[in-house]
Amino acid sequence: MLIVMKAAATDEQVRAVCEKVERLGLRAHPMPGATRTAIGITGNKSDIETGTFDEMLGVQEVIHVSKAYKLVSREVKDENTVVRFPAVDASIGGSEVAVIAGPCAIESREQAFAAAERVARAGAKFFRGGAYKPRTSPYAFQGLGEEGLRIMAEIRDQFRLAIVTEAVDNESLELVDRYADMIQIGARNMQNFSLLKRAGHSRKPVLLKRGMSATLDEFLMAAEYIMSEGNYNVILCERGVRTFADHTRNTLDLSVVPAVQRLSHLPIIVDPSHGTGKRNKVTPLSRAAVAVGADGLIIEVHPDPDKALSDGTQSLYPDQFDQLMHEVRQIAAVVGRHVAGPVTQPAEPAAATAR
Ligand code: PEP
Ligand code: MN
């Protein structure tokens, strides 16, 4: 159920409604909008008597939400969610197309710094890199763990980049939450419900990747798990799904972008690196992703892809990433968006983010 407050409703009236919801043993999710606040209610097993709230001060309307996903849905919040990263002057879901770039895995301080220097210079405001890698083989490189997180924390300070890195279980999430600016939940964990709930307790934004065989409904329900625990800063990511096509690693489903945007207010970005698995297809699909309306891109870039310990074949050379940025800037302009320009001056170290 959803309670829509009047435009003139006071904070106190919003609070009174939330308190009443909680007294009924339910959970209130106030969602402030540009003109009015809506309060989503979760936790009810059956319909709530609308009269309970109809007569309260400041209440405009009580609506039954028909979708299985509620907080994710545009029925609850019509305006696009914009997730802000003030320390790096970036946002995801607004008019800027956000670019997250960096190696698949953090392999060493030298490798990570070399990648960070180039992606920051090219205009990316977010740095990616796995410290915990979910690998198909138990014998493959599994990541540097906390040491990798420490390297990324240094990169944030030196290059003024927001850090995005994956948590693979509750234990690593604890650490990622402490070091990173955004917590990535990988495709293989999209339906790890206990991990989603734990991410819902964090105050950091969550980048949720689509499972490799997840339907749109399953994808949105996974986001609902995070939001139902009180974390409303969720960014969806299309990273390719498994099909019979074998000319690419996965089939990048760009049609999911407008499909998500129709149903949900959450931002959606695209990962053409895992989506194609082939370096030569990353830039064309990045152009297409921006054209289709994606709110951002996540791109694997390695200073020496041929020596990469994971996903080398899909990682761009830094010069190729420069070219990608140049091309997506032009596409973004056509659809009324923009991509940050290249940086000529080295960044001032960012102020430490609240942790
Ligand atoms: C990654 O981003 O490096 C990754 C493992 O992605 P996915 O979960 O989409 O496979
Ligand atoms: Mn990878």
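Nothing in this text is a laboratory measurement; each read-out follows from the coordinates by a stated rule. Since this is a predicted model, take the numbers as computed values, not measurements. Cβ placement follows ideal geometry from the backbone for every residue including glycine, while neighbour counts extend to all protein chains displayed.
Just grab the label-to-label distance for A16 and D306, each label 7 Å out from Cα along the Cβ direction, in nm (one decimal).
Distance between label points: 7.2 nm.
Among R118, R188, R160, which one shows the highest mean-square fluctuation when the chain is modelled as a Gaussian network with alpha-carbon springs under 10 Å?
Judging by the Gaussian network model, the answer is R188.
Going by alpha carbons, how many degrees (0 to 90, nearest 10) lie between the helix axis of 146-159 and the longest principal axis of the chain?
Value to nearest ten degrees: 90.
Which whole-number value in Å³ per residue fits the convex hull of the alpha carbons of the chain? Walk me through the numbers on the way to the answer.
Numbers: hull volume 49.5 nm³, N = 355.
So the per-residue Cα hull volume is 139 Å³.
As a check on your grasp of the helix formula, calculate [θ] at 222 nm for the chain: sum -39500 (n - 2.57) over DSSP H runs of n ≥ 4, divide by the residue count, round to the nearest 500. Intermediate values should be presented prior to the final figure.
Values: 11 runs with 121 residues, N = 355.
When only DSSP H runs of four or more count, the value is -10500 deg cm²/dmol.
Between E49, E218, E300, find the one with the highest GNM mean-square fluctuation for the chain; connect C-alpha pairs within less than 10 Å.
E49
Please report the relative contact order for the range 102-237, taking Cα pairs under 8 Å with a sequence separation of at least 6, and give it as a percent rounded to a whole number. Intermediate values should be presented prior to the final figure.
Working: 248 pairs, mean separation 23.8, N = 136.
Taking the mean separation of contacting Cα pairs over the length of the range 102-237, I get 18 percent.
When a footprinting reagent is the concern and you count Cβ atoms within 10 Å, what order do D253, D306 take, fewest first? The partial results should precede the final answer.
Details: D253 17, D306 9.
Going from least to most buried by this count: D306, D253.
Take the alpha carbon atoms of the range 90-133, find their center, do the same for the range 253-290, and report the distance between the two centers in whole angstrom.
17
P(r) of the range 214-355 in 5 Å steps, Cα pairs, percent per bin?
Computed distribution, short to long bins: 2, 9, 16, 18, 18, 17, 13, 6, 1, 0.
Expressed as a rounded percentage, what relative contact order does the range 252-311 have, with Cα pairs under 8 Å and six or more residues apart? The partial results should precede the final answer.
Details: 57 pairs, mean separation 21.9, N = 60.
36 percent.
What residue among P318, P267, P86 shows peak mean-square fluctuation when the chain is described by a Gaussian network model with Cα springs under 10 Å?
P86
State the extension gain, in nm to one decimal, for the chain segment bounded by Q345 and T243, taking 0.36 nm per residue of separation less the distance between their alpha-carbons. It would help to have the intermediate numbers written out before the result.
Values: separation 102, 0.36 × 102 = 36.72 nm, distance 4.44 nm.
Gain on extension, Q345 to T243, equals 32.3 nm.
Got a sec? Charge dipole of the range 42-143, +1 on Cβ for Lys and Arg, -1 for Asp and Glu; which of L57, S95, A115 is way out at the positive end?
A115
Report, ordered by chain and residue number, the lysines lying within cross-link reach of K20, taken as a straight Cα distance under 25 Å and ignoring same-chain residues fewer than 8 apart.
In chain and number order, the partners are K6, K45, K67, K70, K77, K197.
Give me the extension gain from N44 to N80: residue separation times 0.36 nm, minus the current Cα-Cα distance, reported in nm with one decimal. Kindly include the intermediate steps, with their values, before the conclusion.
Values: separation 36, 0.36 × 36 = 12.96 nm, distance 2.60 nm.
Result: 10.4 nm gained on full extension.
Does anyone have the angle between helix 279-292 and the longest principal axis of the chain? Alpha-carbon axes, 0 to 90°, nearest 10?
30
Length gain on complete extension for the stretch E117 to E147, per 0.36 nm per residue less the alpha carbon to alpha carbon distance? Intermediate values should be presented prior to the final figure.
Details: separation 30, 0.36 × 30 = 10.80 nm, distance 1.92 nm.
Gain on extension, E117 to E147, equals 8.9 nm.
Can you compute the label reach from K6? Point 7 Å from Cα along the Cβ direction, backbone N cut-off under 20 Å, restricted to the range 50-64.
50-63
For the chain, find the longest principal axis of its Cα atoms and tell me its angle to the long axis of helix 11-23, 0 to 90°, nearest 10.
Once rounded, the angle reads 80 degrees.
Taking 8 Å as the Cα distance limit and 6 or more residues as the minimum spacing, I'd like the relative contact order of the chain as a percentage.
Numbers: 775 pairs, mean separation 61.6, N = 355.
That works out to 17 percent.
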